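Each remark here refers to the structure printed beneath this line.
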Amino acid sequence: MSLMSRFVIPLAAALLAASSAAAPAQTFSPEQQKQIESIVKQYLVAHPEVLQDAMAALDKQQKDTEAQQVRVTITANNATLFNSPHQVVLGNPHGKVEMVEFFDYNCAFCKHALPDMLKLLDTDHDLKFVLKEFPVLGEGSVEAAHVAVAARMQDPTGAKYFLFHQKLLGGRGVADKARALAVAKEVGFDMARLQRDMASPEVNTTIAEDMKLADALGVNGTPSYVVGDELVVGAVGFDELKKKIDALQK
C-alpha cells in the first residue's frame, strides 16, 4: 500500500463516519464514496504537508503509548528491577537515584558505553547502578554470563566483580567461557568454587529473571537502561544519561 493510500483511505473513511454520525439516516452510494475519496486525495496532493503532520502526530502517539506501557511495567516490576537478591549493585546501594543496565559481554555498544557508566559512578555518589545480564549475542555471551553470575556469588562486596566486569567487557576479542574464566583467575577469584557455583541453580535463576524482565519491558537491544520510570535504548552517551539522572534528582 502506498503512503498516499495509507492516509487517503482512512481519512476518507473518517469523513464518511463523521458524516454518518451527524446524520445517522443518511447513506452514501458507492459513487458518492468515490467522490469523497477523490476530494480528500486531491486535497492531500495539493497540501502534502498535511501528511507530514499526520505522520508526526501518529509517531508521537505511538511513542507516548509505548512510554506509558513501559512506565506501567516498571512500576509492576519495581522490586525485581531495583532490589532483586540476584542482581549486581554498583555505586551507592542506598542511592536515591536508581538506574539499571541490560548488557551483553559481546556487545560492541556496551563496550563503548562502559566509560559512561564509570564516569556516572565517579561523579554521582548518590547513584545506585544495577547490572542485569542480557546475553543475546550467541553462545559465548551465555557462557560469559554464567561465569559472571558465579563471580558475583562469591564476592559480597562487589569489588572483585566490578574489576572482572570492566576487564571482560572492556577487553578485546569474543567473550566466552574460556575468556571469562581467564579474567576471573586474573582478578583473583577462587576458581574451584567458581566452577561449582557455575553449576548451581542460582546462575540459571539469575539469568532467567533478567531475560524475563527484558522481555516484559520490550528490551530488544543492548545496552538498554531503566532510569526512573523510563526505558532508554542504546549507547546514548554520558551527557544524555546524566541529564536524565539530574531530572530525577530535582
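Taken together, the values in this text are just the output of simple stated rules run on the coordinates, not laboratory data. The structure presented is a predicted model; accordingly, all values stated were derived computationally and were not measured. Glycine also receives a Cβ, built like all others from the backbone with ideal geometry; neighbour counts cover every protein chain displayed.
Identify, please: which residue in the range 223-241 is in a helix (DSSP H, G or I) and in contact (Cβ under 8 Å) with a residue 12 or more places away in the chain and is, among those, surrounded by the most Cβ atoms within 10 Å (Cβ to Cβ)? Let's see the steps before the verdict.
First, the residues of the range 223-241 that are in a helix (DSSP H, G or I): 238-241.
Filter once more, so that each one left must be in contact (Cβ under 8 Å) with a residue 12 or more places away in the chain: 238, 241.
Details: F238: 15, L241: 21.
Applying the filter and picking the extreme gives L241.
Name the single residue that is farthest from T157 (Cα to Cα) among those in the range 77-96 being aliphatic (A, V, I, L, M) and touching a residue at least 12 places away in the same chain (Cβ under 8 Å).
Looking at residues that are aliphatic (A, V, I, L, M) and touching a residue at least 12 places away in the same chain (Cβ under 8 Å), I get L81.
When every residue of the range 82-103 is checked against the conditions, at least one turns out to be over 17 Å from V236 (Cβ atoms) and in a helix (DSSP H, G or I).
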